[in-house]
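To start, the structure itself, in structure tokens.
The values are calculated or read from the model by the stated rules, or taken from the named source; none is laboratory data. The structure presented is a predicted model; accordingly, all values stated were derived computationally and were not measured. Here Cβ is always computed from backbone atoms with ideal geometry, including for glycine, and neighbour counts include all displayed protein chains.
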Amino acid sequence: RMSEEFDTPVFLRTTTRVSHSKSIVELEEPERKTEKRNIRHDPSKYVMVPAKARERRIEVEKRMDRLRAFAETFAENRMEMQDTRVGIITAGMPYNYAKDAFPDYSYLKLGMVHPLPSDLIREFASKVDKIYVVEELDSFIEEQVRAMGIEVIGKEVFPYTGEFDPGIVEIGVTSNVAEGVTLPELSLPQRPPNLCPGCPHRGLFYVLGKLKVFVTGDIGCYTLSFMKPLEGLDSCVCMGASVGMAHGMDKVLEEKGRVVGVLGDSTFIHSGITPLLNMVYNKSNAVVVICDNRTTAMTGMQEHPATGFTLQGAATKALDFVVLAKALGIDNVQVVDPFDIKNTRRVIKEELSREGPSLVISRAPCALLAIKKKAGLRVPLRIDPDKCTGCKACLGLGCPPISWQRLEDMEEMKIEKKTKKQEGIAMIDSALCDGCTLCQQLCSAGAIEEVAEDE
């Protein structure tokens, strides 16, 4: 309605907490509308040469005036008057945090934050003794309210960074009174995010980490590879940046074999093709790796132009990365299976030594995609405690099913030391194991084996 009435885009902005929330919903059939619009030729509006742009700027200002008037009566901008000693101006999730902490204060809940309802804000300010502006990150609302000449308390008591919660809001507000609130200190084990068991990215980034090259990364699950123990990624700025950064670093360093750019298959299609062409045109010596896991895994397993299916599931043309690379002028193109560590290492080293740009396609389906399609399921693995030497090579993969047990905590098993320095053994949780065999390939003792059918 707003978009049509004011002829303007309307953005519904969600934050992390809203995006991660869930609730019971009632499904209904979508309302089907008959499309009545037709093509309308209006170059004065849509051809933004300087003369027309100047005219449109006037229309933009007129539209903003109308939107400011609309914001004053917009139902989602509302005052909730209770205890008038303290008023809180807020929007989005911070409103819920503040209401949890201070249910009896007065509130100006903003559902529309641009443009702000200045008259409503002034009216609210006239009814309360003290005003707090509760907003996450930058002081967007606070600065505009201050510009109206209204004194508020904001980022001097609330943090500029991180996500809020009721405790943070409570501490911020009560820090201005005689007795603050002390929250209990919690000592919880760290639970960093990790690549899934059987993730095809793990083998690739294990190799890249061992080669000690500088890896310019991109947006995707594989970004987690920067953490220990893989340490196979050195930068992540924005979608599509990896290829351009690899090219730029190669030009500055002027030394072959030191830089690898990595990005996912869907990210490559979205933002990597143009900079890859630029690498060819400007004679780069960097290596680019496409992590081709056959889906858009990080955002929910959507199809993309290289999978051969549309988002609606209809069969369509599938982009061939090898053919595309050749068409762009890349002579050095190889496809590897990232579950084959030895060959992946060989190919990466080989391409690092070549002149000119290289493209390596690391191709294996996402572990979740394989389960979804019920194909390619492997036999889980286990560790024979009588063979494990405690070398910890398998732990270097950072695979969730693999853990470490000290011998002193396993005295009832009566495990004999294989070496004088052995302190423990690795263990595999077979219920979590995908059977990808990466750990098995690293185990020189031959201690990792498939789980028997009767186990």
Looking at this structure, is Gly329 of a type in the set (Gly, Ala, Ser), in contact (Cβ under 8 Å) with a residue 12 or more places away in the chain and surrounded by fewer than 14 Cβ atoms within 10 Å (Cβ to Cβ)? yes
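What are the residues in segment 231-249 that are in a helix (DSSP H, G or I) and either on the phi > 0 side of the Ramachandran plot or out of contact with any Gly (no Cβ under 7 Å at 6 or more places or on another chain) (or both), if any? Working first, answer last.
Residues of segment 231-249 in a helix (DSSP H, G or I): 241-249.
Those that are in a helix (DSSP H, G or I) and either on the phi > 0 side of the Ramachandran plot or out of contact with any Gly (no Cβ under 7 Å at 6 or more places or on another chain) (or both): Ala241, Gly244, His247, Gly248, Met249.
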Residues that are closer than 23 Å to Asn293 by Cβ, among the aliphatic types (A, V, I, L, M) and not assigned by TED's automatic domain parsing to the domain that holds Gln302: does segment 270-281 have at least one? no
The listed residue being modelled with pLDDT under 95 and surrounded by 13 or more Cβ atoms within 10 Å (Cβ to Cβ), out of Leu381, Leu368, Leu397: Leu368
Answer residue from segment 15-49, given it is surrounded by 10 or more Cβ atoms within 10 Å (Cβ to Cβ) and under 18 Å from Glu4 (Cβ atoms) and is farthest from the chain's Cα centre (by Cα) among those: Lys45
Residue match in segment 50-64 (condition: closer than 19 Å to Gln144 by Cα and surrounded by 12 or more Cβ atoms within 10 Å (Cβ to Cβ)): yes
If you go through segment 411-421 one residue at a time, do you hit one that is out of contact with any Leu (no Cβ under 7 Å at 6 or more places or on another chain), of a type in the set (Val, Ile, Thr) and surrounded by fewer than 13 Cβ atoms within 10 Å (Cβ to Cβ)? yes
With the requirement that a residue be within 20 Å of Ala75 (Cα to Cα) and within 29 Å of the chain's Cα centre (by Cα), what does segment 98-113 give you? Leu110, Gly111, Met112, Val113
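Here's the yes/no breakdown for (1) surrounded by 21 or more Cβ atoms within 10 Å (Cβ to Cβ); (2) over 30 Å from the mean Cα position of the chain (by Cα); (3) outside the structural domain of Lys109 (by TED's automatic domain parsing):
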| residue | (1), (2), (3) |
| --- | --- |
| Glu123 | no, yes, no |
| Asp129 | no, yes, no |
| Val133 | yes, no, no |
| Glu142 | yes, no, no |
| Ala147 | no, yes, no |
| Glu151 | no, yes, no |
| Val157 | no, no, no |
| Tyr160 | no, no, no |
| Phe164 | yes, no, no |
Looking at segment 128-230, what helices (runs of 4 or more DSSP H) fall wholly within it and have at least 1 residues that are touching a residue at least 60 places away in the same chain (Cβ under 8 Å), among the β-branched types (Val, Ile, Thr) and more than 30 Å from Gly248 (Cβ to Cβ)? 166-174
Every residue in segment 268-291 that is farther than 14 Å from Asn332 by Cα and crowded, with 24+ Cβ neighbours inside 10 Å, please. Phe268, Gly272, Cys291
